[in-house]
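Data block below; observations after.
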Amino acid sequence: MPGQLPDDAPPFRFEYDSATLRYGPNCVAALGDELAELDCDRALVVTGSTVGSTPAVMDPVEDGLGESLASVFAETTPAKRLGTAYDALAAYERHDADAIVSVGGGSSLDVAKVLAVLVATDRDPDAVGEAFVETGTLPIPESGLPPILAVPTTLAGADLSMVAGVTADPATCPVGEPASGGISDPQLMPTAVCYDPELLATTPRNVLAASAMNGFDKGVETLYASNATPVTDATAMRGLSLLRDGLLAFGDGEESDAVYRTLARGIVLVQYGISRPGETTLSLIHAFGHGLTRTYPVQQGAAHAIVAPHALDCVFDAVDGRRDLLAEAFDVSDAEDPADAVVDSVAAVADALDLPTRLRDVDGPTREEFPAVAEAVLADSFMANAPDEFDPTREDIEAVLDAAW
C-alpha cells in the first residue's frame, strides 16, 4: 500500500543567487575560463602562507589562471585582520588586478570578501578602522565590488556564503579588547566556486578533519531550522548522506579518490541555499560554536564535534526537530528511537575523525564560565533560526555545556 503522504509544506519564499559551481578533479584548470566569462583580465590570489607555499595546491591554481594571474598574496591568517585586507588591497592595486581568487579555508575567503569591499570603498583607512571598532561592521558600497572566485581546500563549508568575519588590528583597539565583527551582503557571495577533490586530498588529514564538523553541522541545522524550505531539505539530506559516508571512510583511513570526490559533493550540497539575503539556516550548534570560540582558543570544528550531540539531545527533548528527516538522511529511519539514532550518528562521525568529545579536554571555558558562555549563545543572531517552538533558557544551555564537559 502507498505510504502516508506528508503534510503540505507551509508557504515559503526562496530567494537565492548561487555562485557558479564547478566540481571535478582538476576543475581549477578552468579558472581562466571563469575569469573570461566575467570579462576580467587579472586576478589576485588571496591565501595563507601554508597553502601559498604548497605546490600541490598552487601549481594547478596558477596553471588554471595562466596569463590571468596578477600575483599571489599569501598573508591571510585565522585572525582575519582588517589590516591584512588593507595589505591585500595594496597588492591588488599594485598589480592592477580586477578580480580575486580565494584559495584555502574560510579565513582566506573572509579576507578576500573584506578586500572586495575595500576595493569599492573610497574612505581613509584610519576612518574605516575607527568606524569598524565602533560598529563592528563595514558599510558595503552599492556597486564596484570585484568578483570573487573561491577554491576551497577544507570542509568548513564557508564557500556559498554572503557573510564574512573580520577583526580589527590590536593597535586600533583598547588594550585587551580587540574588536571583532562581520559584514553581510548578497554582493559577497562568490561569483564562482571550484570544488576540486584533488586539492582536498592535499590538505593534511588533521586539518581536513578539524574543519569537517563545521561543514557537516550546516546540513544538520539546515533541516531543523525554522526557515527551512523543501529546496534546502533536499540538498541538505543528500549532502549529509554523502558527508557521513565520506567522513566515516576518511576516519577509517581510506584516502581513495572516491572518498575525496564524495566529500567534495557533500560539502557543495549542505551549503546550497543556507546563506540567503537577510537570513541563514544556521542555528543552535553554530551559536554554541560562536560562544565557545569567541574568547577561547578552542578550534571551531572541535567545538562543534563536542557540543553537537548534546545540543541535538536538547532540541529533541523539547521539540520534534524534524528528527524523521534527519533519520532518513542518516539511514536510521528504522531505529526504535530515531532521535537517539540521529544523535548517535552525529557522534559517530566526530568519533571517526578522532576529534575531542569533552570540553574539559580542549582549551575552552571552565565550568565557572558556563553562565557567560550560555548568555553569549542565547544572544547569538543564529538563535533566531532555532527550530519552531524551541525556546531554551540559560539553564537549558548550561545543561548542554555540563553534558559536554
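The values are calculated or read from the model by the stated rules, or taken from the named source; none is laboratory data. These numbers were taken from a predicted model, which means no experiment stands behind them. All Cβ positions, glycine included, derive from the backbone under ideal geometry; neighbour counts span all protein chains shown. The area values use the complete protein model at the heavy-atom level, side chains included, leaving out ligands, DNA and RNA. Shrake-Rupley method; radii C 1.70, N 1.55, O 1.52, S 1.80 Å.
Only one of (1) modelled with pLDDT under 95; (2) among the aromatic types (Phe, Trp, Tyr); (3) closer than 21 Å to Glu198 by Cα is not met by Phe12, so which one is it?
Only one criterion in (1) modelled with pLDDT under 95; (2) among the aromatic types (Phe, Trp, Tyr); (3) closer than 21 Å to Glu198 by Cα is unmet by Phe12, namely (3).
Residue pairs, Cβ under 6 Å, 6 or more apart or interchain, first in region 51-63 and under 20 Å from Ser107 (Cβ atoms), second surrounded by 14 or more Cβ atoms within 10 Å (Cβ to Cβ) and among the small types (Gly, Ala, Ser). List them.
Here the result reads Val51/Gly104; Gly52/Ala74, each pair linking region 51-63 to a residue that is surrounded by 14 or more Cβ atoms within 10 Å (Cβ to Cβ) and among the small types (Gly, Ala, Ser).
Please specify each residue of region 126-145 satisfying the condition of being surrounded by 13 or more Cβ atoms within 10 Å (Cβ to Cβ) and either touching a Pro at 6+ places or on another chain (Cβ under 6 Å) or more than 22 Å from Ile100 (Cβ to Cβ) (or both).
Glu130, Ala131, Val133, Gly136
Report the residue count in region 210-235 for those that are assigned to a helix (DSSP H, G or I) and more than 14 Å from the chain's Cα centre (by Cα).
8
For region 297-311, how many residues meet the condition of being closer than 18 Å to Leu282 by Cβ and assigned to a loop (DSSP other than H, G, I, E, B)?
The qualifying residues number 1.
Condition test on Arg123, is it open to solvent by 60 Å² or more (accessible area, probe 1.4 Å), within 29 Å of Ser345 (Cβ to Cβ), of a type in the set (Lys, Arg) and over 17 Å from the mean Cα position of the chain (by Cα)?
no
So, restricting to helices (runs of 4 or more DSSP H) that lie completely within region 312-405, which ones have at least 3 residues that are in contact with a helix residue (DSSP H, G or I) (Cβ under 8 Å, 6 or more places away or on another chain) and closer than 30 Å to Asn206 by Cβ?
Correct list: 338-352, 370-379, 394-404.
Which residues, taken from region 86-107, are modelled with pLDDT under 95, touching a helix residue (DSSP H, G or I) at 6+ places or on another chain (Cβ under 9 Å), part of a helix (DSSP H, G or I) and small (Gly, Ala, Ser)?
Across region 86-107, the qualifying residue is only Gly106.
Examine region 75-84 for a residue that is more than 24 Å from the chain's Cα centre (by Cα) and exposed (fewer than 15 other Cβ atoms within 10 Å of the Cβ), and state whether such a residue exists.
Checking region 75-84: not a single residue is more than 24 Å from the chain's Cα centre (by Cα) and exposed (fewer than 15 other Cβ atoms within 10 Å of the Cβ).
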